[in-house]
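Have a look at this one.
The values are calculated or read from the model by the stated rules, or taken from the named source; none is laboratory data. Values in this document were obtained by computation on a predicted structure and should not be read as measured data. Ideal geometry is used to build each Cβ from the backbone, glycine not excepted, and the neighbour counts take in all protein chains shown.
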Amino acid sequence: MRLDAYLSRAGLASRREARDSIRAGRVRVDGVVCREPATRIEGQTVTLEDARVERPGETRDWLVHKPVGLACSRDAREAPLVYDLLEPALRNRPVQIAGRLDRATSGLLVLTTDGDFVHRLTHPSRKLPKRYRVGYRGELPADAVARCAEGILLEGEDRPTRPAELSLDGPGQATLVLREGRTHQVRRMFRALGAFVETLHRDRIGDLELPPDLGPGALRPLAPEERALLLSESSL
């Protein structure tokens, strides 16, 4: 494949823009500046402005520790965005979030270029468990654990939540495991129980836990064994 076509099919530029970038010396092939758009690419490493260009059609996945304050959105009006954590060359790629978190929630996210992977992780029929650590204000009723296990009818909805696992970890602290993902579900469930969520953090999806060495705002590639683990869980 020609170098200009390689950049274009990777979604980074039109063919004309790719040629302009190449001739301007912004593209390297195996670490060497390449100014010839017709250069054949057959497995070499290509970088654009020092950011690696993924091979067209290549799937990439990331684990992200989302900090509070970032939006899981593509709308620039909602900036700052989770996508801002990606290297610049990837921000216009078709990267999707598998299981969004609201701006005020922190924790584990999976980003991927594989739409089928997103579907398998998020489709309601999969019932993939997700664990949340909750800091709340107020008093939960004595039957809160049982009500979560039975399902709670949320305001504005006509069917109760799926059975969820609530454990009380101390004053104002709880853990909730969900097998679905309704909008603001944890916050709405606690509101229905008479409490207000002050902090919310997701630290587990399926059997995959947020790595302790991945700090807020950090991301790293999802390891093949981690991807396989998520796919195994999501097939349950």
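Quick one: what pairs do we get from region 89-105, first residue touching a residue at least 12 places away in the same chain (Cβ under 8 Å), second aromatic (F, W, Y) and surrounded by 15 or more Cβ atoms within 10 Å (Cβ to Cβ), C-beta under 7 Å, 6+ apart or different chains?
V95/Y83; A98/F117
Among (1) buried (at least 19 other Cβ atoms within 10 Å of the Cβ); (2) over 30 Å from E225 (Cβ atoms); (3) not assigned by TED's automatic domain parsing to the domain that holds G217; (4) not β-branched (V, I, T), where does A10 come up short?
Going through the list (1) buried (at least 19 other Cβ atoms within 10 Å of the Cβ); (2) over 30 Å from E225 (Cβ atoms); (3) not assigned by TED's automatic domain parsing to the domain that holds G217; (4) not β-branched (V, I, T), A10 breaks only (2).
Among (1) more than 15 Å from D203 (Cα to Cα); (2) surrounded by fewer than 17 Cβ atoms within 10 Å (Cβ to Cβ), where does V68 come up short?
That leaves (1) as the condition not met.
Taking the stated definitions as given, is V134 under 23 Å from A71 (Cβ atoms), in contact (Cβ under 8 Å) with a residue 24 or more places away in the chain and not assigned by TED's automatic domain parsing to the domain that holds G69?
Taking the combined requirement at face value, the residue satisfies it.
Taking the conditions exactly as written (of a type in the set (V, I, T), out of contact with any Leu (no Cβ under 7 Å at 6 or more places or on another chain) and outside the structural domain of R91 (by TED's automatic domain parsing)), does V27 satisfy them or not? Spell out how you get there, then give the answer.
Details: of a type in the set (V, I, T): yes; out of contact with any Leu (no Cβ under 7 Å at 6 or more places or on another chain): no; outside the structural domain of R91 (by TED's automatic domain parsing): yes.
In short, no.
Go through the residues of region 185-195 one by one and say whether even a single one is more than 16 Å from R100 (Cα to Cα), part of a strand (DSSP E or B) and of a type in the set (F, W, Y).
There is no residue in region 185-195 that is more than 16 Å from R100 (Cα to Cα), part of a strand (DSSP E or B) and of a type in the set (F, W, Y).
How many residues are under 26 Å from P224 (Cβ atoms) and not hydroxyl-bearing (S, T, Y) if we restrict to region 61-87? Quick ask: steps written out before the conclusion?
Taking region 61-87 first, the residues under 26 Å from P224 (Cβ atoms) are 61-66, 72, 82-83, 85-87.
Cutting the leftovers down to not hydroxyl-bearing (S, T, Y) gives us 61-66, 72, 82, 85-87.
Selection size over region 61-87: 11.
Restricting to region 124-161, count the residues that are among the small types (G, A, S) and either within 19 Å of R100 (Cβ to Cβ) or in a strand (DSSP E or B) (or both).
Start the filter on region 124-161 by keeping residues that are among the small types (G, A, S), which leaves 125, 135, 138, 142, 144, 146, 149, 151, 156.
Filter again for either within 19 Å of R100 (Cβ to Cβ) or in a strand (DSSP E or B) (or both), leaving 125, 135.
Total meeting the criteria: 2.
Inspect region 209-221 for any residue being of a type in the set (D, E, K, R), in contact with a Leu (Cβ under 8 Å, 6 or more places away or on another chain), modelled with pLDDT of 95 or more and over 27 Å from R91 (Cα atoms) and give the result as yes or no.
Looking for residues that are of a type in the set (D, E, K, R), in contact with a Leu (Cβ under 8 Å, 6 or more places away or on another chain), modelled with pLDDT of 95 or more and over 27 Å from R91 (Cα atoms), one finds none in region 209-221, hence no.
Moving on to the next point. Here are some conditions: (1) hydrophobic (A, V, I, L, M, F, W, C); (2) surrounded by fewer than 19 Cβ atoms within 10 Å (Cβ to Cβ); (3) touching a residue at least 60 places away in the same chain (Cβ under 8 Å). L200 meets all but one. Which one does it not meet?
Every condition holds for L200 apart from (2).
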